[in-house]
Amino acid sequence: MTPSPPIEPAFQRELDPLLLLPVRLFVLCQLADMRWRRAVVVGNALGVGGRSLASHLMTLRAAGYVETRFERGSLVLRLIPLGLDRLAEHVTALRAVASTAAELVTARRAPPIRCAVTGVARCAKPSEDGCS
């Protein structure tokens, strides 16, 4: 009998591998209103330009998340419905990841050490107040 594969949390299935790179995620966030934007404006807002931005835009276009065209010599782009759906699902999954991480940290964080003499958490100068 072969062991069954581990159960994958829902948020892992909803995280979009293409949007795990912050640049791509932020490009889609810049386009969330689904209006046409000049690529250079989006790149400037993110501090990314040139070949790096072009590479990310090609990936997003190939995935069907954005459409591009040339308008008066400038590349313009916009988010399309599939891209908006994937962005929304990805952001929701990221929230679940962050929430789970916060719960894990809180559950495993040691309680503060209290001074036996003063009752104050973490004495500032143990040698002066008699705490060790």
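The values are calculated or read from the model by the stated rules, or taken from the named source; none is laboratory data. What you see is a predicted model; the values in this text were computed from it and never measured. Each accessible area value is taken on the protein alone, full model and side chains, heavy atoms only, with ligands, DNA and RNA left out. Shrake-Rupley method; radii C 1.70, N 1.55, O 1.52, S 1.80 Å.
Full extension of the chain between ALA107 and ASP33 yields a length gain of 22.8 nm, computed as 0.36 nm times the residue separation minus the alpha carbon distance.
The length gained by stretching the chain between ALA96 and LEU21 to full extension, at 0.36 nm per residue less their Cα-Cα distance, is 25.2 nm.
What full-extension length gain, to one decimal in nm, is calculated for ARG114 and PHE70 as 0.36 nm per residue of separation minus the Cα-Cα distance? Intermediate results must be reported in sequence, preceding the final value.
Values: separation 44, 0.36 × 44 = 15.84 nm, distance 6.52 nm.
Gain on extension, ARG114 to PHE70, equals 9.3 nm.
Solvent-accessible surface of protein heavy atoms, probed at 1.4 angstrom with all chains present, puts MET34, MET58 in the order MET58, MET34, largest first. Per atom type, the range 13-58 shows carbon and sulfur on 59% of its accessible surface, probed at 1.4 Å. Residues in the range 42-118 average 66 Å² of solvent-accessible surface per residue, probe 1.4 Å, ligands and nucleic acids excluded.
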